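**Student:** For reference, the structure I am asking about is given below.
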Amino acid sequence: MPISVLGTLLIALLACGTDVPTSTPVPLVLPSPRAGAAACPTVESERTFVARLAGKGIVVTAVTASIGQALFPSAPSVCLMDVGSASFEAAFFADAQSAHGVRVCEGRSGDRHLYRVDGHTVDAAFPIYWTVAGNVVVWTGGIGLDRAMTDALGGSRPRC
């Protein structure tokens, strides 16, 4: 390529200035709810949470409204989230202090698992595993999913 053509090309590139178009990040769209179920009220921390899990290989496939909202009336959103054939619930609080203030105490009555959660009793036929991470309280009946989520989130067990 002749030097004059290269010089002209360089001058043309420099004349364009340093403005480089930037892309606007597309907000993460949460997965749809389970078929026929209501959508979960969306808060911004849900998007961050789902993206964080996906970054650790845990892909949320459905986000549905949860009856767990009754356990945490101060949480702006409580969702049932599916991960393949497993599921967990997540309560999204306004801040980490509120989430870390949640108390969960476990007891047994015969073959039943009883959990005292901030003044409410949860009666289950199986163990429930609880994790607090940032402004989110997560619970599931699946020990494998619990371990994966606790590792992915760097979570801890709520105090009794």
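**Student:** Give the residues of the stretch 53-74 that are under 12 Å from the mean Cα position of the chain (by Cα) and in a helix (DSSP H, G or I), sorted by residue number.
**Tutor:** Once the filter is applied, which keeps residues that are under 12 Å from the mean Cα position of the chain (by Cα) and in a helix (DSSP H, G or I), the stretch 53-74 yields Leu53, Ala54, Gly55.
**Student:** Within the stretch 89-118, which residues are without any contact (Cβ under 8 Å) to a residue 40 or more places away in the chain, closer than 19 Å to Pro76 by Cβ and not polar (S, T, N, Q)?
**Tutor:** Scanning the stretch 89-118 gives Ala96, Ala99, Gly101.
**Student:** Follow-up question, since we're still on this one. Take the conditions closer than 17 Å to Phe72 by Cβ, in contact with a helix residue (DSSP H, G or I) (Cβ under 7 Å, 6 or more places away or on another chain) and of a type in the set (Gly, Ala, Ser) and apply them to Ala133. Does it pass? Steps first, answer last, please.
**Tutor:** On the way: closer than 17 Å to Phe72 by Cβ: yes; in contact with a helix residue (DSSP H, G or I) (Cβ under 7 Å, 6 or more places away or on another chain): yes; of a type in the set (Gly, Ala, Ser): yes.
Yes: the conditions hold for Ala133.
**Student:** Can you go through Ala75, Ala65, Ala152 and tell me which one is in contact with a Pro (Cβ under 9 Å, 6 or more places away or on another chain) and surrounded by 14 or more Cβ atoms within 10 Å (Cβ to Cβ)?
**Tutor:** Ala65
**Student:** How about the stretch 134-149: which of its residues are free of Cβ contacts under 8 Å to residues at least 24 places away in the same chain and either under 12 Å from the mean Cα position of the chain (by Cα) or farther than 20 Å from Ala54 by Cβ (or both)?
**Tutor:** Hits for the stretch 134-149 are Gly141, Ile143.
**Student:** If you don't mind, another one. Return yes when Leu71 is in contact with a Cys (Cβ under 9 Å, 6 or more places away or on another chain) and either more than 19 Å from Ala39 (Cα to Cα) or not small (Gly, Ala, Ser) (or both) and no when it is not.
**Tutor:** Working: in contact with a Cys (Cβ under 9 Å, 6 or more places away or on another chain): no; either more than 19 Å from Ala39 (Cα to Cα) or not small (Gly, Ala, Ser) (or both): yes.
No.
**Student:** Here is a list of conditions, (1) touching a strand residue (DSSP E or B) at 6+ places or on another chain (Cβ under 7 Å); (2) of a type in the set (A, V, I, L, M, F, W, C); (3) closer than 22 Å to Ala62 by Cα, and Cys105 meets all of them except one; can you say which number that is?
**Tutor:** Here Cys105 clears every test but (3).
Table: residues versus (1) under 24 Å from Pro41 (Cα atoms); (2) not aliphatic (A, V, I, L, M).
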site	(1), (2)
Ser74	yes, yes
Phe93	yes, yes
Ala96	yes, no
Gly110	no, yes
Ile128	yes, no
Ala133	yes, no
Gly141	yes, yes
Leu153	yes, no
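**Student:** In the stretch 42-52, what count of residues is obtained for those that are part of a helix (DSSP H, G or I), over 15 Å from Ala148 (Cβ atoms) and not basic (Lys, Arg)?
**Tutor:** So the first thing to find is which residues in the stretch 42-52 are part of a helix (DSSP H, G or I), and the list is 44-52.
If we keep only those that are over 15 Å from Ala148 (Cβ atoms) as well, we get 44-48, 51.
Restricting the remaining residues to those that are not basic (Lys, Arg) gives 44-46, 48, 51.
Result for the stretch 42-52: 5.
Values in this text are rule-based calculations from the coordinates and carry no lab data. All values reported here derive from a predicted model rather than from experimental measurement. FYI the Cβ positions are ideal-geometry reconstructions off the backbone, even for glycines, and counts take in every protein chain you see.
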